[in-house]
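Structure first, commentary second.
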Amino acid sequence: MDKNKTFVSTLFAIAILFIGAFAFAEEVSVSRSESAVMRSKLVEYSKKYIGSPYASGGVGPNSFDCSGFVFAVSRESIKVQLPRTTRAIYSFSTPIKDSEREAGDLVFFKTTSSGNISHVGIYIGNNQFIHCASDGPNTGVIVSSLKESYWKAHYYCSTRFLPASKSELLADNSTGSAAESSSQKKNESSDSASKSSGTSGSSSSKTASNDALGVRILRHFTVDASVMTNWNFYSTNGIGLQFRGGSSMVNLSYNSKYVQPGIGSILCYDTQTRNLRLPFVLSVSFLNYFRVYGGPVLYVKHPRDIDDDSLLKQSIFPGIFGISVSSPSAIIKKARVCVVTDLNYTVFKKWDGSALSAKKSTSTGLLLSTGVKVTLPFNNLF
């Protein structure tokens, strides 16, 4: 009876954690035309603070630091609350090619000896960006050029947190008017063609609408895959690092500002228990750096005791629980690549179903995994 209660309680806790993550998830999901308007508001609003002084930790309205400026302007102008720090903003947003950059996107720089991302600004078009500088000939909120020798030398990458806009109207006001006029003419022409084509036009419109819906749904998700080497740092004979095989994990997560719920699977081969297992897990990631997960485990082959080689009982549920930590990402084309460290515990039992001793359970089920993770946001493909 107690085991059944434990099973139900654990399942309920995981479900609440997973559902709660969706409840807190907030995604910037708007159409391209709505994005164009939001980008324009963001850029124009940011210019009102030109001349405001720099202050470490400042988020306005009288002074800012670089990330505080981006944070405050986004929140006040378009009601999108980004993470507070430069590196967190970078992790939240999606890397893009320089050729895809448009006004309202973000530009990042490495300006310190640490080699980490340390500065962020808002791109406003024509190779210019607005930001809050802490040193140099001009400080505070200023407009700079990506072609300036200093910023060109320290530039790292561009990202976006709003969907791409088809319109070019954000580069400057005059271009905006022309693009808006051109877009309006195209829409009028399209409407006329649709009316004249009758049923055919209606069918085409429905197909385009369905395609757009599919793309919008995909933009909400990110897939990542990791390949790791497994280690055991504790055994019944003492403490010491021992090789335990390898594993790979694939996870699909829902994009949001701070919390990303997801679902995934792990393929793990354990050299000491000599078994191949396949956990299916629910996961919750935080700011792309931390992930907790848990779920049932299916076994392809029965595990064996690492000391006397006797058969162990497979525990399907509760099966595995773990936490992983990811390093800051490097951008390779449209993907993010980082180093990941994972600590997980798999439940094993004796062949008769009884529990293992605490020492045996820890030495058998606790694994430290290290490897590489590749992340691909679907909204980076459309």
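A short reminder: the numbers here are calculations on the coordinates, not readings from a lab. Being a predicted model, the structure only gives us computed values, none of them experimental. Note that we place each Cβ from the backbone using ideal geometry, even for glycine, and neighbour counts take in every protein chain shown.
Of the residues G353, S327, F317, the one whose Cα sits farthest towards the positive end of the charge dipole of segment 296-382 is S327 (charges of +1 on Lys and Arg Cβ, -1 on Asp and Glu Cβ, taken about the Cα centre). Amide H to amide H distances under 5 Å link S265 with V250, V281, where only residues 5 or more positions off or on other chains count and H is placed in the peptide plane. Simple rule: put +1 on each Lys or Arg Cβ and -1 on each Asp or Glu Cβ in segment 217-366, find the dipole, and look at T222, M249, G264; the Cα lying farthest toward the positive end is T222.
A simple rule links phi to the HN-Hα coupling: the Karplus curve 6.51 cos²θ - 1.76 cosθ + 1.60 with θ = phi - 60°, which for segment 44-58 gives 5, 5, 4, 5, 5, 9, 4, x, 5, x, 7, 8, 4, x, x Hz, with x for Gly and Pro. Listed values for segment 93-104 are Karplus-derived 3J(HN,Hα) couplings in whole Hz (6.51 cos²θ - 1.76 cosθ + 1.60, θ = phi - 60°), namely 7, 10, x, 9, 6, 4, 5, 8, 5, 9, 4, x, and x replaces Gly and Pro. A DSSP coil position with no more than 10 other Cβ atoms inside 10 Å describes the following trypsin sites (Lys or Arg not before Pro) in segment 326-376: K333. Computed from phi, the 3J(HN,Hα) profile of segment 158-163 under the Karplus parametrisation 6.51, -1.76, 1.60 (θ = phi - 60°) reads 10, 9, 9, 10, 10, x Hz, with x in place of Gly and Pro.
Hydrodynamic estimate: the Kirkwood radius of segment 238-382 over Cα pairs, inserted into Stokes-Einstein at 37 °C and 0.692 mPa s, corresponds to D of 202 µm²/s.
Site pair N62 and E34 shows an inter-label distance of 3.7 nm when each label is modelled 7 Å from Cα along Cα→Cβ. Dipole magnitude for segment 296-382: about 380 debye, using +1 per Lys or Arg Cβ and -1 per Asp or Glu Cβ, origin at the Cα centre.
Within segment 323-374, the chymotrypsin sites (Phe, Trp or Tyr not before Pro) that combine a DSSP coil assignment with at most 16 other C-beta atoms in a 10 angstrom radius are W351. Given +1 at the Cβ of Lys and Arg, -1 at the Cβ of Asp and Glu and no other charges, the dipole of segment 227-382 around its Cα centre is 400 debye to the nearest 20.
Among the trypsin sites (Lys or Arg not before Pro) found in segment 76-153, those both in a DSSP coil and sparsely packed, with 12 or fewer other Cβ atoms within 10 Å of their Cβ, are K79, K97, K147.
Subtracting the Cα-Cα distance of L241 and I323 from their residue separation scaled by 0.36 nm leaves 27.6 nm.
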